[in-house]
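Novice: Questions regarding the structure given below will be posed in turn.
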Amino acid sequence: MWVVGDATGLTIPADGASLRAAGADYLTEAFRRYGTLGPDNCVTALTECVEVPGGSTGRKLSLTVDYRTPGPRRELFVKFSRDLDDPARDHGRSQMESEIRFAALSRDPAFPIAVPHAMFADYQGDSGTGVLITERIAFGANGIERQYEKCMDYQIPAPVEHYRALLTAVATLAGTQQSGRLTAEFATDIEELSVGARTPVTADRLLRRVDRLTEFAAAHPALLPGAVGAEGFLIRLRTEVPRIHDCEPLIWQYLRDQKDFTALCHWNANVDNAWFWRDADGTLHCGLLDWGCVGQMNVAMAIWGALCSAETRLWEHDLDDLLGLFVDEFTRHGGALLDAGRLRDQVVLYTAAMAVTWLLDVPGYVVAQIPGLDHEATRFHPEIVAVESVRCRLQMMANALNLWEASDVDGLLAAISAR
């Protein structure tokens with residue numbers, strides 16, 4: 001399947017078979033059209049073209065090419081917006097639209113952070129068909145650390161140092177964009193970006209989910225932080241969950257209104273969407289990949305996206321220092337002077353809204369996916385570790401509720417209601 005791209009006017013493939021069939025001549029034309037290959041050079045062969053599994057939307061390829069004159073990047077990654085064989089995955093095809101615009105922006109000389117070098121990118125809005133070809137990050141080679149899996153941060157050496165590098169990258173881009181040195185606009189509806197399509201839920205159903213959480217905490221106490229399973233907090237949730245539900249429009253309006261806290265951000269900068277390397281002096285640096293749903297948003301959303309899969313102890317012991325680092329880097333790169341306390345409050349409100357929307361049904365999901373967990377089971381149980389969706393939902397719920405327990409959510413709701 002082929003369509004005409006909106007940006008370059010070139011016909012673009014919707015799937016790997018089409019790209020393979022078009023071969024070296026097509027890639028030569030595409031790279032020249034995008035300005036990443038000179039008129040005196042060409043692609044001579046596709047020496048590797050292998051489908052890569054994973055991801056929540058379109059198909060992906062690992063691609064290696066040869067050039068007549070060596071120099072351009074040979075080891076490439078191809079991402080399609082479409083999955084023509086899977087309607088559920090294909091439904092998310094519109095997520096690539098902003099990613100294609102971001103790829104073009106990343107070629108701006110003022111672009112301040114490391115992202116995969118874009119060789120070609122285009123998208124057709126009418127059909128939601130897009131293709132993005134970038135360099136392939138060589139994890140575990142040439143000084144780049146291995147790729148880290150989501151919600152397995154206990155395997156990362158010096159995790160706080162890695163999150164400092166990660167948040168430095170997020171803040172650097174956000175501050176630079178807010179300063180006006182990057183000209184592209186990414187007008188994003190932050191609520192739609194955050195929650196996407198969801199099934200409406202009543203307050204009564206939410207209370208049943210709190211009851212299920214209470215039962216889960218009693219049956220599997222080692223799967224949750226102690227504060228989350230405490231009786232007092234679970235009682236609090238029966239009051240505060242309906243309030244978050246009722247105040248959700250107010251929360252979104254409050255987050256939208258914080259203009260100084262709004263900038264271009266990676267929405268899902270987990271460690272599995274990053275790569276890390278050290279300078280000769282040992283300084284750790286971070287690059288960010290997988291920019292689906294990139295947009296201008298309240299930076300609290302990006303901070304939750306970056307930290308949601310971290311170890312709970314990082315939230316407990318390092319959050320304030322990490323927020324202070326974010327504020328400093330954001331301002332240093334031209335963004336507004338943010339108040340770290342206000343930023344923390346916005347992180348709490350956004351996290352609570354996410355917990356109510358997406359995470360309160362995690363106990364039922366865990367039990368359904370892994371029946372037979374005993375009273376002593378921990379999140380390091382082999383069956384939990386082996387299933388990414390289970391270990392990630394469980395850890396994100398634990399982090400969200402642990403932050404909720406340590407915060408005055410009712411007081412924050414009262415404050416934004418009184419504005």
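The values are calculated or read from the model by the stated rules, or taken from the named source; none is laboratory data. In this text, all values refer to a predicted model and were calculated from it rather than measured experimentally. Quick reminder, even Gly has a Cβ in these numbers, built from the backbone with ideal geometry, and neighbours come from all protein chains shown.
Novice: Among the candidates R342, R393, R419, single out the residue that is among the basic types (K, R), surrounded by fewer than 19 Cβ atoms within 10 Å (Cβ to Cβ) and in a helix (DSSP H, G or I).
Specialist: Exactly one of R342, R393, R419 is among the basic types (K, R), surrounded by fewer than 19 Cβ atoms within 10 Å (Cβ to Cβ) and in a helix (DSSP H, G or I), namely R342.
Novice: How many residues are assigned to a strand (DSSP E or B), surrounded by fewer than 21 Cβ atoms within 10 Å (Cβ to Cβ) and either in contact with a helix residue (DSSP H, G or I) (Cβ under 6 Å, 6 or more places away or on another chain) or of a type outside the set (S, T, N, Q) (or both) if we restrict to the range 62-81?
Specialist: Counting residues in the range 62-81 that are assigned to a strand (DSSP E or B), surrounded by fewer than 21 Cβ atoms within 10 Å (Cβ to Cβ) and either in contact with a helix residue (DSSP H, G or I) (Cβ under 6 Å, 6 or more places away or on another chain) or of a type outside the set (S, T, N, Q) (or both) gives 4.
Novice: Do we have Y154 as of a type outside the set (S, T, N, Q), out of contact with any His (no Cβ under 6 Å at 6 or more places or on another chain), in contact (Cβ under 8 Å) with a residue 60 or more places away in the chain and not in a helix (DSSP H, G or I) here?
Specialist: In short, no.
Novice: Mind telling me which of the residues S389, S417 ends up being touching a helix residue (DSSP H, G or I) at 6+ places or on another chain (Cβ under 7 Å) and either more than 18 Å from H220 (Cα to Cα) or assigned by TED's automatic domain parsing to the domain that holds N270 (or both)?
Specialist: S417
Novice: Still on this structure, I have one more. Provide a single number: the residues in the range 345-364 that are surrounded by fewer than 21 Cβ atoms within 10 Å (Cβ to Cβ) and more than 22 Å from the chain's Cα centre (by Cα).
Specialist: Residues flagged as surrounded by fewer than 21 Cβ atoms within 10 Å (Cβ to Cβ) and more than 22 Å from the chain's Cα centre (by Cα) within the range 345-364 amount to 1.
Novice: Within the range 292-330, how many residues are closer than 23 Å to S106 by Cβ, at pLDDT 95 or above and not in a strand (DSSP E or B)?
Specialist: Residues flagged as closer than 23 Å to S106 by Cβ, at pLDDT 95 or above and not in a strand (DSSP E or B) within the range 292-330 amount to 9.
Novice: Based on this model, can you work out whether I137 counts as assigned to a loop (DSSP other than H, G, I, E, B) and on the phi < 0 side of the Ramachandran plot?
Specialist: Yes: the conditions hold for I137.
Novice: Ok, one more. Can you tell me which of V52, V78 is of a type outside the set (S, T, Y) and touching a Ser or Thr at 6+ places or on another chain (Cβ under 6 Å)?
Specialist: When all the criteria are applied, what remains is V52.
Novice: Failed condition for R32, given (1) closer than 17 Å to L10 by Cα; (2) out of contact with any helix residue (DSSP H, G or I) (no Cβ under 7 Å at 6 or more places or on another chain); (3) touching a residue at least 40 places away in the same chain (Cβ under 8 Å), with all others met?
Specialist: (3)
Novice: Here's something else I'd like to know. Taking the residues in the range 92-150 that are among the basic types (K, R) and within 19 Å of the chain's Cα centre (by Cα) as candidates, determine which candidate is farthest from A14 (Cα to Cα).
Specialist: R146
Novice: Exactly one of these conditions fails for A88: (1) loosely packed, with under 14 Cβ neighbours inside 10 Å; (2) part of a loop (DSSP other than H, G, I, E, B). Give me its number.
Specialist: (2)
Novice: Can you name every residue in the range 122-134 that is buried (at least 17 other Cβ atoms within 10 Å of the Cβ) and part of a loop (DSSP other than H, G, I, E, B)?
Specialist: G128 - this is the single residue of the range 122-134 that is buried (at least 17 other Cβ atoms within 10 Å of the Cβ) and part of a loop (DSSP other than H, G, I, E, B).
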